[in-house]
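**Student:** First the structure, which I've put down as structure tokens, then a few questions once you've had a look.
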Amino acid sequence: MEQEVGARLRTVRTRLGITQRALARRAGVPSSTVSLIEGGRTNPSIGSLKRLLDAAGLSLAEFFSFDLQTEAQVFFRADELAEISSGDVSYRQVGVGSGLSTLQILYETYQPGSDSGRVMLTHEGEEGGVIIQGRLEVTVGEQTRVLKAGEAYLFKSTTPHRFRNVGDAVCIVVSACTPPTF
């Protein structure tokens, strides 16, 4: 079991493109702990493992369920984008379930009059997007602008923000967020 936990942790860390020291720093554990776990020389406590996985943006369930032998998927057909929210606002995510990416990419569809909610959103990180079709009102802090196809936004997600389709047609947005929020 120690070997499997170590191999899984090494896979997670290398897919994130970070060093043992960087992962340890993020998790608040000694860097020697990461080295010992990855080398199969120690079995981490659940608390230590949870801190490491939180730092990697991964749940315990995701950590133990991904296939170590499978190469990371690079290309995705339209039907492989996973619906993570549906209704008047649809979010389809690239690479859902891998839990090993520090970047979340969404294909968003807003029906006319729909919005991201009355309460402004806030979370850690940054996000940006490009309007592919339609018109989208984007509010970031005290700034509001209606963007049309070809226009884009980029901001720190700690600033309260909201999205609303103010047009008569469906609005399509391709967005990215880091770290993932869904």
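**Student:** Condition (residue is β-branched (Val, Ile, Thr), more than 16 Å from Glu62 (Cβ to Cβ) and surrounded by fewer than 17 Cβ atoms within 10 Å (Cβ to Cβ)) applied to region 24-39: is it met by at least one residue? Full working, then the answer.
**Tutor:** So the first thing to find is which residues in region 24-39 are β-branched (Val, Ile, Thr), and the list is 29, 33-34, 37.
From what is left, the residues that are more than 16 Å from Glu62 (Cβ to Cβ) are 29, 33-34, 37.
Within this subset, residues satisfying the condition of being surrounded by fewer than 17 Cβ atoms within 10 Å (Cβ to Cβ) are none.
No, region 24-39 has no match at all.
**Student:** Under 18 Å from the mean Cα position of the chain (by Cα) and over 17 Å from Asp88 (Cα atoms), is that true of Thr144? Give the steps one after another, and end with the answer.
**Tutor:** Numbers: under 18 Å from the mean Cα position of the chain (by Cα): no; over 17 Å from Asp88 (Cα atoms): yes.
Judged against the criteria, Thr144 is not a match.
**Student:** Name the single residue that is surrounded by the most Cβ atoms within 10 Å (Cβ to Cβ) among those in region 7-23 being closer than 17 Å to Phe64 by Cα and of a type in the set (Lys, Arg).
**Tutor:** So, considering only residues that are closer than 17 Å to Phe64 by Cα and of a type in the set (Lys, Arg), the one surrounded by the most Cβ atoms within 10 Å (Cβ to Cβ) is Arg13.
**Student:** Could I ask something else about it? Give region 164-182 a look and list any residue that's touching a residue at least 60 places away in the same chain (Cβ under 8 Å) and either among the basic types (Lys, Arg) or closer than 21 Å to Gln111 by Cβ (or both), or say none. Quick ask: steps written out before the conclusion?
**Tutor:** Within region 164-182, the subset touching a residue at least 60 places away in the same chain (Cβ under 8 Å) is 170-182.
Within region 164-182, Val170, Cys171, Ile172, Val173, Val174, Ser175, Phe182 meet the criteria.
**Student:** What single numbered condition from (1) modelled with pLDDT of 85 or more; (2) in contact with a helix residue (DSSP H, G or I) (Cβ under 8 Å, 6 or more places away or on another chain); (3) in the same structural domain as Ala152 (by TED's automatic domain parsing) fails to hold for Arg118?
**Tutor:** Condition not satisfied by Arg118: (2).
**Student:** Among the residues of region 62-70, is any surrounded by fewer than 17 Cβ atoms within 10 Å (Cβ to Cβ), aromatic (Phe, Trp, Tyr) and at pLDDT below 85?
**Tutor:** The first filter runs over region 62-70 and keeps only residues surrounded by fewer than 17 Cβ atoms within 10 Å (Cβ to Cβ), leaving 62, 64-65, 67-70.
Keeping just the survivors that are aromatic (Phe, Trp, Tyr) gives 64.
So of that shortlist, the ones also at pLDDT below 85 come out as 64.
Yes, region 62-70 has at least one match.
**Student:** A further question follows. Within region 160-174, is there a residue that is outside any strand (DSSP E or B), under 18 Å from Tyr91 (Cβ atoms) and modelled with pLDDT under 95?
**Tutor:** Within region 160-174 (the criterion being outside any strand (DSSP E or B), under 18 Å from Tyr91 (Cβ atoms) and modelled with pLDDT under 95), the answer is no, since none of the residues qualifies.
The values are calculated or read from the model by the stated rules, or taken from the named source; none is laboratory data. Computed from a predicted model, the values in this text were never measured in an experiment. Glycine gets a Cβ as well: all are built from the backbone with ideal geometry, and neighbour counts include every protein chain shown.
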